[in-house]
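Accompanying notes for the structure given below.
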Amino acid sequence: MPDLPLPPGSTLGILGGGQLGRMLSQAASRLGFDVVILDPQPDCPAARVSRAQITAPYDDPDALQALGRLCDVVTFEFENVPAASVETLAEAGALVAPGPTALAVAQDRVDEKTYLNAVGAPTVAFAAVTTLDDLTAAIERLGLPALLKTRREGYDGKGQVWIRDAADAAAAFDAIGRRPAVLEAAAVFRRELSVIAARGRDGAVAVYPLGENVHQNGVLKTTTAPAAVDPATQGRAEQIAAAVLDGLDYIGVMGIELFDMGEGELLVNEVAPRVHNTGHWTQDGCVCNQFEQHVRAVVGWPLGPSNAHARIEMTNLLGDEVKQWRTLAAEPNARLHLYGKHDARPGRKMAHVNRIL
Ligand code: AMP
C-alpha cells in the first residue's frame with residue numbers, strides 16, 4: 001500500500017468514465033496527478049481528459065488487476081460497484097476509497113435507512129418487503145400513500161411506484177418485478193435540500209452550505225445554493241453529515257439528499273458515496289469544489305475550504321437542451337460545463353450551467 005499523502009505524479013484510478021469521472025479527472029490533473037479510467041464504453045467522456053482508459057466491464061478481474069497495479073488509489077463515480085471488484089483492486093495493491101462498508105450501505109435502501117437511523121440521522125418510517133404478505137403488513141403499519149422502491153439499483157425515480165390504495169398493492173409489487181423492496185411512508189416535505197460533505201484521512205469533516213433542489217420527471221433540474229435556510233437548519237445538516245461520515249470512517253465526498261419538513265426538521269432521503277449532481281454548484285461558488293475536495297480526501301491531502309463565495313443556480317441540460325450552448329456561452333455570469341458526450345439522447349445529462357446570482 002502506498003504512503004500517504006500521495007505526492008503529485010501519483011496515479012488515481014476512477015471506476016466509471018461519465019461526467020462525474022471527467023470532472024474528477026480534471027480536478028486531479030490540476031493537482032498534478034495522472035488519472036486512469038476503467039469504463040466499458042470506449043472513448044468515454046472521462047477518458048478523453050485522462051492519461052489512459054482500460055476498456056472493460058467493472059467486474060472484469062484482469063482489468064481490475066491492471067487498474068490496481070497502475071494506480072496508487074482508486075475511487076468511483078457511481079455506487080453500484082461490486083464488492084468483489086473492490087477486493088480485487090485492494091489485492092492488486094491500490095488503496096480504495098470510499099471503502100466497502102460505505103458502498104454496501106449505499107447499495108441497499110433498507111441497510112441504508114437502518115444505518116442512518118442508528119447514527120441519529122432520521123428518515124421516513126420504512127419496512128422491508130420480500131413478499132406480498134410483507135407488503136400488506138407494511139401498508140397497514142405505515143398507512144397510505146406510501147412509496148414502494150426496489151432495495152437495490154434504483155436511481156432518478158426508477159424502480160419506484162406510489163401506492164395510494166391497498167387494492168393496488170399486488171400491481172405495485174408486480175411493477176417493480178416482485179424484487180426485494182422497501183416501503184416508505186410519504187414524506188410531506190416543504191422542499192428538497194441536499195448537503196455535500198467530505199471526510200479526510202485525518203478524520204476532518206468539511207460540509208458545504210445546503211443546496212435547494214428542484215426535480216423534473218424524477219431527474220434533478222436545478223440546485224440553488226447556498227439555499228435560503230436559517231442557521232439552525234444548516235447546523236442540523238452539518239450535524240447529520242458528520243454523524244453519517246464518521247460512523248462509516250468515510251474517506252471522500254458524499255452527497256446527502258434531505259427532505260426539509262419545516263420547523264428545522266430534516267429527514268435523510270438517501271446518500272450517495274461519491275461526488276453528486278447537487279454539488280456541481282461548488283465549481284463556481286466555492287474556492288475548493290467537490291471534485292477537488294474528493295481528490296484531496298482520497299490522496300490524503302488536507303481538505304480544502306467548503307464555504308461559498310458566490311450564490312449559484314445550477315441547471316442541468318438534458319438531451320437537446322445542450323444545443324443552447326451558443327446562447328449560454330454569450331451570457332454573462334453563466335459558467336458552462338459541457339461533458340463532451342457525442343450523442344444527445346433524450347433525457348441524457350449533457351452539460352450543466354452555473355449562473356452566478
Ligand atoms: P430517490 O430515488 O429515493 O432519490 O427518490 C426520487 C424522488 O422521489 C425524491 O427526490 C423525492 O422527490 C421523491 N421521494 C422519494 N422518497 C419519498 C418519500 N418517502 N416521500 C415523498 N417523496 C419521496
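Just to verify a result, which residue in segment 250-270, among those that are of a type outside the set (A, V, I, L, M) and more than 10 Å from the ligand (Cβ to nearest atom), is farthest from GLU77 (Cα to Cα)? Only one residue tops the list, namely GLU263. Taken together, THR123, THR131 contain a single residue that is of a type outside the set (Lys, Arg), open to solvent by 40 Å² or more (accessible area, probe 1.4 Å) and modelled with pLDDT of 95 or more, which is THR131. Listed here are the strands (runs of 3 or more DSSP E) enclosed by segment 230-325 that have at least 2 residues being open to solvent by less than 30 Å² (accessible area, probe 1.4 Å) and under 20 Å from ALA27 (Cβ atoms): 252-262, 312-318.
Kindly establish whether ARG69 is closer than 24 Å to ASN277 by Cα, of a type outside the set (Asp, Glu), open to solvent by 50 Å² or more (accessible area, probe 1.4 Å) and modelled with pLDDT of 95 or more. Give the derivation first.
Values: closer than 24 Å to ASN277 by Cα: no; of a type outside the set (Asp, Glu): yes; open to solvent by 50 Å² or more (accessible area, probe 1.4 Å): yes; modelled with pLDDT of 95 or more: yes.
Spelling it out, it is not the case that ARG69 is closer than 24 Å to ASN277 by Cα, of a type outside the set (Asp, Glu), open to solvent by 50 Å² or more (accessible area, probe 1.4 Å) and modelled with pLDDT of 95 or more.
What number of residues within segment 164-174 are within 15 Å of the ligand (Cβ to nearest atom) and farther than 16 Å from ARG109 by Cβ?
So the first thing to find is which residues in segment 164-174 are within 15 Å of the ligand (Cβ to nearest atom), and the list is 164, 172.
This time we only want the ones that are farther than 16 Å from ARG109 by Cβ, so: 164.
The total comes to 1.
Selection of segment 1-57 for residues being at pLDDT below 95 and charged (D, E, K, R) yields only ASP3.
Only a single item in (1) in contact (Cβ under 8 Å) with a residue 24 or more places away in the chain; (2) surrounded by fewer than 16 Cβ atoms within 10 Å (Cβ to Cβ) is not met by HIS342, and it is number (1).
Output the residue which, of all residues in segment 210-219 that are open to solvent by 10 Å² or more (accessible area, probe 1.4 Å), without any contact (Cβ under 8 Å) to a residue 60 or more places away in the chain and closer than 26 Å to HIS294 by Cα, is farthest from the ligand (Cβ to nearest atom). Write out each step before concluding.
Taking segment 210-219 first, the residues open to solvent by 10 Å² or more (accessible area, probe 1.4 Å) are 212-219.
Those still in the list that are without any contact (Cβ under 8 Å) to a residue 60 or more places away in the chain too: 212, 214-216.
When the remaining residues are screened for being closer than 26 Å to HIS294 by Cα, the result is 212, 214-215.
Details: GLU212: 12, VAL214: 10, HIS215: 5 Å.
So, considering only residues that are open to solvent by 10 Å² or more (accessible area, probe 1.4 Å), without any contact (Cβ under 8 Å) to a residue 60 or more places away in the chain and closer than 26 Å to HIS294 by Cα, the one farthest from the ligand (Cβ to nearest atom) is GLU212.
Given the residues GLU192, GLU292, which is the only one that is among the acidic types (Asp, Glu), touching a residue at least 24 places away in the same chain (Cβ under 8 Å) and over 23 Å from ARG109 (Cβ atoms)? If you could, list the steps in order and put the result at the bottom.
Details: GLU192 fails: over 23 Å from ARG109 (Cβ atoms).
Sole residue among the options that is among the acidic types (Asp, Glu), touching a residue at least 24 places away in the same chain (Cβ under 8 Å) and over 23 Å from ARG109 (Cβ atoms): GLU292.
Out of (1) modelled with pLDDT of 95 or more; (2) within 12 Å of the ligand (Cβ to nearest atom), what's the single condition that is false for GLY159? If we test GLY159 against (1) modelled with pLDDT of 95 or more; (2) within 12 Å of the ligand (Cβ to nearest atom), just (1) comes out false. Applying the selection to segment 141-158, what residues are open to solvent by less than 40 Å² (accessible area, probe 1.4 Å) and more than 20 Å from ILE256 (Cα to Cα)? Hits for segment 141-158 are LEU142, GLY143, ALA146, LEU148.
Within segment 136-156, take every residue that is β-branched (Val, Ile, Thr) and closer than 21 Å to GLU112 by Cα and give me the one that is farthest from the ligand (Cβ to nearest atom). Working first, answer last.
Initial filter on segment 136-156 (β-branched (Val, Ile, Thr)): 136, 139, 150.
With closer than 21 Å to GLU112 by Cα added as a condition, the list becomes 139, 150.
Details: ILE139: 14, THR150: 10 Å.
Only one residue fits best here, namely ILE139.
Each residue in segment 147-168 was checked for being hydrophobic (A, V, I, L, M, F, W, C) and assigned to a helix (DSSP H, G or I), and 2 pass.
Give the residue that is nearest to the ligand (Cβ to nearest atom), with candidates limited to residues of segment 180-209 that are touching a Gly at 6+ places or on another chain (Cβ under 6 Å) and part of a loop (DSSP other than H, G, I, E, B). First the steps, then the outcome.
First, the residues of segment 180-209 that are touching a Gly at 6+ places or on another chain (Cβ under 6 Å): 190, 194, 196, 201.
Checking which are part of a loop (DSSP other than H, G, I, E, B) leaves us with 190, 201.
Working: ARG190: 12, ARG201: 29 Å.
For segment 180-209, the residue satisfying everything is ARG190.
With respect to GLU112, is the statement that it is under 16 Å from the mean Cα position of the chain (by Cα), within 16 Å of the ligand (Cβ to nearest atom) and of a type in the set (D, E, K, R) true? Yes, satisfied.
The values are calculated or read from the model by the stated rules, or taken from the named source; none is laboratory data. Keep in mind the model is a prediction, meaning the values are calculated, not measured. Please note: Cβ atoms are built from the backbone with ideal geometry, for glycine as well, and neighbour counts cover all protein chains shown. Ligands, DNA and RNA are stripped out before the accessible areas are found, and what is left, the full protein with its side chains, is counted by its heavy atoms. Shrake-Rupley method; radii C 1.70, N 1.55, O 1.52, S 1.80 Å.
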